[in-house]
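The structure appears right after this line, and notes come after that.
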Amino acid sequence: TQLLEQSPQFLSIQEGENLTVYCNSSSVFSSLQWYRQEPGEGPVLLVTVVTGGEVKKLKRLTFQFGDARKDSSLHITAAQPGDTGLYLCAGELGNFNKFYFGSGTKLNVKP
Amino acid sequence: EPEVTQTPSHQVTQMGQEVILRCVPISNHLYFYWYRQILGQKVEFLVSFYNNEISEKSEIFDDQFSVERPDGSNFTLKIRSTKLEDSAMYFCASSALGGNEQFFGPGTRLTVL
């Protein structure tokens with residue numbers, strides 16, 4: 001059973017297109033993080049969201065935490081080949097210092 | 001920029017042997033974590049550690065696993081009797097506060113033969 005469902009699993013788009021990646025759960029999270037992971041390396045934190053309805057922007061990346069704190073989305077505007085990678089969401093249940101990762105979305109941006 | 005470091009980068013061991021994976025968290029961080037990622041699968045939480053004791057652990061973290069902070073800088077994961085299915089990347093992470101911003105190390109690739 002997946003606590004966090006990420007979709008889509010794979011996404012291949014052309015440079016300049018917009019895209020959205022989703023992270024959904026039936027559980028309520030106290031915080032949710034988005035990471036990017038390159039092959040053979042550790043995840044690199046992009047953002048943490050903690051408040052329901054929160055929106056954070058990081059250059060061309062927009063992160064949203066659902067009002068009920070059960071889901072989140074990552075929107076990339078005008079994708080570039082440098083955005084290619086594996087994007088992971090991870091949620092913290094309660095304040096128990098226990099984290100669950102989604103399976104990831106593998107993004108490929110073609111020049 | 002401070003970073004989490006892990007050694008070794010690759011460890012090969014025989015089934016049944018003990019291994020110790022080492023991590024040096026970021027120096028002013030208080031929370032430490034171990035995760036594993038089997039090839040092609042998702043990152044899985046193993047254990048969190050705070051104030052010199054385990055804070056939370058997952059179902060994966062059974063009696064063959066243990067963690068220790070033997071001194072002020074190292075954080076180790078010991079696997080007592082390795083099994084083939086322990087082959088994975090093991091990531092250490094640390095955070096200053098409880099979990100909101102975890103910084104991951106580069107990982108140790110463990111191969112059990």
Task: Complete set of residues in the range B:62-113 that are within 14 Å of another protein chain (Cβ to nearest Cβ), surrounded by fewer than 20 Cβ atoms within 10 Å (Cβ to Cβ) and outside any strand (DSSP E or B) - done: B:A96, B:L97, B:G98, B:N100, B:E101, B:P106
Task: The one condition in (1) more than 12 Å from chain A (Cβ to nearest Cβ); (2) open to solvent by 40 Å² or more (accessible area, probe 1.4 Å) that B:P25 fails to fulfil - done: (2)
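A quick yes/no check of all residues on (1) more than 12 Å from chain B (Cβ to nearest Cβ); (2) under 25 Å from B:E44 (Cα atoms):
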| position | (1), (2) |
| --- | --- |
| A:E41 | no, yes |
| A:V49 | no, yes |
| A:L58 | yes, no |
| A:L61 | yes, no |
| A:G66 | yes, yes |
| A:L74 | yes, yes |
| A:T77 | yes, no |
| A:D83 | yes, yes |
| A:L88 | no, yes |
Task: Among the residues listed as A:V55, A:V109, the single one being among the β-branched types (V, I, T) and free of Cβ contacts under 8 Å to residues at least 24 places away in the same chain - done: A:V55
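The values are calculated or read from the model by the stated rules, or taken from the named source; none is laboratory data. No experiment lies behind these values; they were computed from the predicted model shown. Quick reminder, even Gly has a Cβ in these numbers, built from the backbone with ideal geometry, and neighbours come from all protein chains shown. For the accessible areas, the whole protein counts, side chains as well, though only heavy atoms, and no ligand, DNA or RNA atoms are used. Shrake-Rupley method; radii C 1.70, N 1.55, O 1.52, S 1.80 Å.
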